[in-house]
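The structure appears below as structure tokens.
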Amino acid sequence: MSNNQTLRQRQAAATPRGVGVMAPFFIERALNAELWDVEGRRFIDFAGGIAVLNTGHCHPTVSAAVQKQLAAFTHSCYQVVPYESYIALAERINALTPGTHAKKTAFFSSGAEAVENAIKIARAATGRSAVIAFTGGFHGRTMMGMALTGKVTPYKVGFGPFPGEVYHAPFPQDLHGVSIEQSLQRLNELFKADVDPQRVAAIIFEPVQGEGGFYIAPPDWLRALRQLCDQHGILLIADEIQTGFARTGQWFAMQHYDVLPDLMTLAKSLAGGYPLSAVCGRAEIMDAPSPGGLGGTYAGNPLAIAAAHAVLDVIETEQLNLRANQLGDRLQARLQIIASAVPQIAQIRGLGAMVAIELIDPATGEPDVAKTKAIQAHALAQGLILLSCGTYANVIRFLFPLTIEDTVFAEALDILEAALKGNTDVAT
């Protein structure tokens, strides 16, 4: 029987170092917000497969839907022999996404594919080629995804050159002295110095930056982006890959705003752990590419489609939007109490259950990466899995399943408090 040590040795020999792995142990089984490694140790999962498991590990409704589909057929390639479940899911996404205008949805396999295809669609619809993204944004690991991503290490190092005509402007971050006005001024400077706005096909942004540090887009900034896009005929793309499917207390983060995007990219918790992504947008824009211009061999796989239908059912029946707000409020309230004893906590921010803390050395004002790593290590030693993020890797984000039991959530918060305060005597 394998143990963690022998598996780590095999991992080092058989897999490349470029696939960075956080945990020094290997999962054997999981249920809802808990998982167990190959040596039987239990962990509470506050990572959720990086925001993929809003409905938890192995939700019985999702598993049953996949098993039913598994007995019918597993693949035909939708572009060769289509199936009704794909159409039905597109109809549901069209109805759930913000706005009452006519929409269409296409499915793919990964978030990066969704971003790639959103850019393709935007270029086909506008006849333009340039794209503007934002510092701190993350849009995937493909060549276009890396070009759009506003963080060099580790995502871009050694992989260039990247596709051209991609430009970046600063994302508003009050904590770091970037105001709405400064962000918009830089956009206007781009139009003066770098790219004619008549050449710009799209502006892509995350309503809440994921890898960038859980910074929330200010409403006035989004209104200004919408106005700028309308003025110059630019499409506005909301990347909701990490924010979607109840994480922020709404189906989608854009429902917190009075601004409608032209296109949205979706993935992660859409299918509860099965590989599925989507681009949803205005019908006339989505129809811009010619037949055959969109797709992929595994795009809209029937097993993942079945899982997604079940995920949407679970979000509705278990009221996970409400649950996200409740859990997010509990977490933020606890963090506010803890912050009085932990001066490195410079900011607590969140939307629904998409919550993070940023750690800064109070003596120097610099990002406290060492404290961030120590908190993660302390928590992991006590059985709580945490993820960091941010341009400087000094932000801890919380991505627990929204289905987590109250008792498990309370246990996790006790471990978290001990880790933040530098104590490791909390038993799991």
Checklist entry - Over the Cα atoms of the stretch 94-142, how large are the radius of gyration and the largest Cα-Cα distance (Dmax), in Å? => result 12.7, 33
Next on the checklist: Using Cα springs under 10 Å in a Gaussian network model of the chain, which residue among ALA125, ALA72, ALA33 shows the largest mean-square fluctuation?
Outcome noted: ALA72
Item to check | Difference of contour (0.36 nm per residue) and Cα-Cα distance, ARG17 to ALA64 | outcome: 13.3 nm
Checklist entry - What figure in square angstrom, to the nearest 10, would you give for the accessible area of HIS168 with a 1.4 Å probe? => result 50
Checklist entry - Where Rh denotes the Kirkwood radius from the mean inverse Cα pair distance, what is Rg over Rh for the stretch 229-331? => result 1.02
Checklist entry - Relative to the Cα centre, what is the charge dipole magnitude of the stretch 249-327, using +1 at the beta carbon of each Lys and Arg, -1 at the beta carbon of each Asp and Glu, and rounding to the nearest 20 debye? => result 240
Checklist outcome for this item: Expressed in nanometres to one decimal, the distance between label points 7 Å along Cα→Cβ at LEU31 and GLN319 is 2.5
Checklist outcome for this item: Here the membrane-span-like helices of the chain, with no claim about any membrane, defined by DSSP H, Cα axial extent at least 24 Å and mean Kyte-Doolittle at least -0.5, are 320-339
Checklist entry - Looking only at GLY164, GLY350, GLY150, which one moves most when the chain is put into a Gaussian network model with springs between Cα atoms under 10 Å? => result GLY164
Item to check | Cα-based Kirkwood hydrodynamic radius, the stretch 1-64, one decimal, Å | outcome: 13.2
Checklist outcome for this item: The Kirkwood hydrodynamic radius of the chain, taken as the inverse of the mean 1/r over all distinct Cα pairs, in Å, comes to 22.3
Item to check | Förster radius 41 Å - calculated FRET efficiency between SER76 and ARG199 (Cβ-Cβ, nearest 0.05) | outcome: 0.55
Next on the checklist: How large a share of the accessible area of the stretch 311-368, in percent, is made up of carbon and sulfur atoms when the probe is 1.4 Å and the other protein chains stay in place?
Outcome noted: 47
Item to check | Test item: Cα-centred dipole of the chain, Lys/Arg +1 and Asp/Glu -1 on Cβ, debye | outcome: 760
Next on the checklist: Counting only helical runs of four or more DSSP H residues, what would the 222 nm mean residue ellipticity of the chain come to if each run contributes -39,500 (n - 2.57) and the total is spread over all its residues?
Outcome noted: -11500 deg cm²/dmol
Checklist outcome for this item: One checks the Cα atoms of the stretch 23-123 and finds Rg and Dmax, in Å, of 17.7, 53
Next on the checklist: I need the P(r) histogram for the stretch 184-261: all alpha carbon pairs, bin width 5 Å from 0 out to the longest distance, whole percents.
Outcome noted: 3, 15, 24, 23, 17, 11, 4, 1
Checklist outcome for this item: Diffusion coefficient in µm²/s returned for the stretch 277-331 by Stokes-Einstein, Kirkwood Rh over C-alpha pairs, 25 °C and 0.890 mPa s, is 171
Next on the checklist: Per residue, how large is the accessible surface of the stretch 66-182? Use a 1.4 angstrom probe and give square angstrom.
Outcome noted: 46
Item to check | Under 18 Å, Cα to Cα: Lys pairs in the chain, sequence gap 8 or more or different chains | outcome: 4
Next on the checklist: Could you identify which residue out of ALA356, ALA304, ALA64 has the top mean-square fluctuation in a GNM of the chain using Cα springs shorter than 10 Å?
Outcome noted: ALA64
Checklist entry - Between GLN9 and LEU260, what length comes free when the chain is fully extended (0.36 nm per residue of separation minus the Cα-Cα distance, one decimal in nm)? => result 85.4 nm
Checklist outcome for this item: In the chain, taking the dipole from +1 charges on Lys and Arg beta carbons and -1 charges on Asp and Glu beta carbons about the Cα centre, the listed residue (TYR215, ALA283, ALA14) farthest towards the positive end is ALA14
Checklist entry - Per 5 Å bin, what percent of the C-alpha pairs of the stretch 204-245 does each bin hold, from zero upward? => result 6, 23, 28, 22, 15, 6, 1
Checklist entry - Which percent of the accessible area of the stretch 73-190 is formed by carbon and sulfur heavy atoms (probe 1.4 angstrom)? => result 57
Next on the checklist: Just to be sure I understand: if I project the alpha-carbon convex hull of the stretch 291-427 onto a plane and average over all orientations, what area do I get in nm²?
Outcome noted: 11.5
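The values are calculated or read from the model by the stated rules, or taken from the named source; none is laboratory data. Not measured: the values here are computed from a predicted model. Every residue, glycine among them, receives a Cβ derived from its backbone with ideal geometry; neighbour counts consider all protein chains shown. For the accessible areas, the whole protein counts, side chains as well, though only heavy atoms, and no ligand, DNA or RNA atoms are used. Shrake-Rupley method; radii C 1.70, N 1.55, O 1.52, S 1.80 Å.
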